[in-house]
1. Go through the stretch 33-55 residue by residue and tally those that are hydrophobic (A, V, I, L, M, F, W, C), within 11 Å of the chain's Cα centre (by Cα) and either part of a strand (DSSP E or B) or exposed (fewer than 10 other Cβ atoms within 10 Å of the Cβ) (or both).
2. Just to be sure I understand, how many residues within the stretch 3-15 are surrounded by fewer than 17 Cβ atoms within 10 Å (Cβ to Cβ), modelled with pLDDT under 95 and touching a strand residue (DSSP E or B) at 6+ places or on another chain (Cβ under 8 Å)?
3. Among the residues of the stretch 8-20, are any more than 21 Å from E77 (Cβ to Cβ) and either basic (K, R) or within 9 Å of the chain's Cα centre (by Cα) (or both)?
4. Considering each residue of the stretch 56-77, count those that are in a loop (DSSP other than H, G, I, E, B), touching a residue at least 40 places away in the same chain (Cβ under 8 Å) and out of contact with any strand residue (DSSP E or B) (no Cβ under 6 Å at 6 or more places or on another chain), and give that number.
5. Evaluate the following for L28: is it modelled with pLDDT of 90 or more, part of a helix (DSSP H, G or I), on the phi < 0 side of the Ramachandran plot and surrounded by 13 or more Cβ atoms within 10 Å (Cβ to Cβ)?
6. If I go through the stretch 1-42 residue by residue, how many of them are out of contact with any Asp or Glu (no Cβ under 7 Å at 6 or more places or on another chain) and among the hydroxyl-bearing types (S, T, Y)?
Amino acid sequence: MQIAVLGIDLGKNSCSVMGLDASGRVVLRRRLQREGVVKLAAGLPSCVTAMEACCGTHHLGRRLRDQGHQARLMSPE
């Protein structure tokens with residue numbers, strides 16, 4: 001599975017994760033806990049991770065960046 005963009009919708013208890021390939025086709029959909037997102041990303045090749053900015057996003061973005069991913073934060077507006 002070749003994921004180019006990993007979209008993450010952070011929630012209080014669980015996160016929705018969607019993976020897109022280079023053509024924009026959905027190749028992955030999962031609902032995970034926050035630690036599950038980190039474990040999932042650890043098994044993927046380097047890709048762009050997109051998240052809406054909130055209080056926990058910066059911490060998760062740093063953890064994903066340390067794994068080699070490019071973290072992108074979007075305005076919640």
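The values are calculated or read from the model by the stated rules, or taken from the named source; none is laboratory data. Because the structure is a prediction, the values reported are computed rather than measured. Heads up, the Cβs are rebuilt from the backbone with ideal geometry, glycines too, and the neighbour counts pull from every protein chain shown.
1. Looking only at that region, the number is 3.
2. Result for the stretch 3-15: 2.
3. Yes, because at least one residue in the stretch 8-20 is more than 21 Å from E77 (Cβ to Cβ) and either basic (K, R) or within 9 Å of the chain's Cα centre (by Cα) (or both).
4. 1
5. For L28, the condition - modelled with pLDDT of 90 or more, part of a helix (DSSP H, G or I), on the phi < 0 side of the Ramachandran plot and surrounded by 13 or more Cβ atoms within 10 Å (Cβ to Cβ) - is not met.
6. 2
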